[in-house]
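Enquirer: Quick one: this structure, given as structure tokens, is what I'll be asking you about.
Derivation of every value follows stated rules applied to the coordinates shown; laboratory data play no part. Quantities reported herein were computed from a predicted structural model and do not represent experimental measurements. Please note: Cβ atoms are built from the backbone with ideal geometry, for glycine as well, and neighbour counts cover all protein chains shown.
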Amino acid sequence: MISVVLATHNEAANISRCLDSVKDFADEIIVLDGSSSDDTVTLAKKFAARIISTKNNTNFHINKQQAIDAAAGDLILQLDADEIVDNDLATFIVEQSKRAVTSLAKNEPVAWYIRRKNDFLGKFLRKGGQYPDAVIRLFYRGRAELPQKNVHEQLSVDGRVGMATGHLLHFPYPTLASYLEKFNRYTSFEAERRWKTGERPSISQTITAFTVAVLITFYKLFLRHRGYVDGWRGFLFASLSALHHPVVAIKLWELQERQ
């Protein structure tokens, strides 16, 4: 049995495209919805999805883990609503589902990395550290879980991890506005995470964030990882990624002021 699980919040623009890509092989679709105010739930029900309603946690990985915990299938595919399963990946998933978990040899994978093609403003990025962007999303039930500590984290797996055939087509940033909205949310989450771990802002840390951290990140993405191959999109992506550091530093100062 194959379970496809998603955690959603206001994903009406994406949910149908995502679920349409899995409906032919999924035995169970679970959508754990974080109090959406749009038509996310209505659209998901058209694909016979099981809806679980909850609050929209700031750390969205808490919701994702709840969706995983609700799955009944032996093989679980965890997706974001802005992702699509391509045909090669769908075939690979079906092939893995035919194997009994109890018959797996000791050295066989219990989870798989899946390569992602990331769309940025209407085109898939080929370089800049954005491909193959492998993420662990396919696994046998009970063999993987999310740490639920950071915005961008991998599943923690009990066993060997393989590499799946095929791709996830990822559409996180169709417009610059959508990028900036997530940029603001992710930097706020990171600043709050650092504050909770005891980190406090300082002049030296802020200067480093505005200078060294910006230059290193831009160098890695645009030059070392050849982001320039993607033209102006590669330049913009590297530039905005580098700005993550000073914005988090500023938000740490904001948190201190609010105290």
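Enquirer: Does anyone have the angle between helix 60-69 and the longest principal axis of the chain? Alpha-carbon axes, 0 to 90°, nearest 10?
Expert: 10 degrees
Enquirer: Using alpha-carbon positions, what is the distance between the centroids of the stretch 141-180 and the stretch 198-259, in Å?
Expert: Going from one Cα centre to the other spans 22 Å.
Enquirer: While we're looking at this one, here's another question. For the peptides 240-248, 147-155, what is the packing order when you average, over each peptide's residues, the other Cβ atoms within 10 Å and list the highest mean first? Don't skip to the end; give the middle numbers.
Expert: Working: 240-248: 19.1, 147-155: 14.0.
Ranked by mean Cβ neighbours within 10 Å, highest first: 240-248, 147-155.
Enquirer: For helix 176-196, report the angle its Cα long axis makes with the longest principal axis of the Cα atoms of the chain; keep it between 0 and 90° and round to the nearest 10°.
Expert: It is inclined by approximately 80 degrees.
Enquirer: I would also like to ask the following. Using a Gaussian network model of the chain whose springs link C-alpha atoms within less than 10 Å, name the residue from I30, I68, I207 with the highest mean-square fluctuation.
Expert: I207
Enquirer: Net charge near F124, counting Lys/Arg +1 and Asp/Glu -1 over other residues with Cβ under 10 Å of its Cβ?
Expert: Net local charge, F124 excluded: +3.
Enquirer: Give, as a single signed number, the net charge of other residues whose beta carbon lies under 12 Å from the beta carbon of R99, with Lys and Arg counted +1 and Asp and Glu -1.
Expert: With Lys, Arg at +1 and Asp, Glu at -1, the net is -2.
Enquirer: If you don't mind, there's one more thing I want to ask. Residues in the stretch 174-199 near a label at L121, defined as backbone nitrogen under 18 Å from the 7 Å Cα→Cβ point?
Expert: 174-184
Enquirer: Tilt of helix 87-97 relative to the longest C-alpha principal axis of the chain, in degrees (0 to 90, nearest 10)?
Expert: Approximately 60 degrees, to the nearest ten.
Enquirer: Mind giving me the nanometre distance, one decimal, between the label points for Q154 and Y228, set 7 Å out from Cα along Cα→Cβ?
Expert: With each label placed 7 Å out from Cα toward Cβ, I get 3.0 nm.
Enquirer: Something else about it: Among DSSP beta bridges whose residues both lie in the stretch 2-173, state the antiparallel percentage, nearest 5. If you can, show how the numbers build up before the last one.
Expert: Values: 13 of 37 bridges.
Bridges in the stretch 2-173 that DSSP calls antiparallel: roughly 35 percent.
Enquirer: Something else about it: Report P(r) for the chain: all Cα-Cα distances, bin width 5 Å, range 0 to the bin holding the largest distance, values in whole percent.
Expert: Pairs per bin, as whole percents: 1, 6, 12, 15, 17, 16, 14, 10, 6, 3, 1, 0.
Enquirer: Report the gain in length on full extension from S53 to S204: 0.36 nm times residue separation, minus Cα-Cα distance, nm rounded to one decimal.
Expert: Separation in residues times 0.36 nm, less the Cα-Cα distance, equals 49.9 nm.
Enquirer: What base-10 log of the normalised intensity I(q)/I(0) is obtained for the stretch 176-258 from the Debye formula, alpha carbons as equal point scatterers, at q = 0.25 Å⁻¹?
Expert: Debye curve over Cα of the stretch 176-258, log10 I(q)/I(0) at q = 0.25 Å⁻¹: -1.15.
Enquirer: R50: net charge of surrounding residues, Cβ under 12 Å, Lys/Arg +1, Asp/Glu -1, itself excluded?
Expert: Working: positive: K45; negative: D27, E28, D33.
Combined, the nearby Lys, Arg, Asp and Glu give -2.
Enquirer: Still on this structure, please answer the following. Using helices alone, what [θ] at 222 nm do you get for the chain, with -39,500 (n - 2.57) per DSSP H run of 4 or more residues, divided over all residues and rounded to the nearest 500? Show your work: numbers first, answer last.
Expert: Working: 9 runs with 96 residues, N = 259.
Mean residue ellipticity, 222 nm, calculated: -11000 deg cm²/dmol.
Enquirer: In nanometres, what is the gap between the two model label sites at S239 and S178, each 7 Å from Cα along Cα-to-Cβ?
Expert: It is 2.1 nm.
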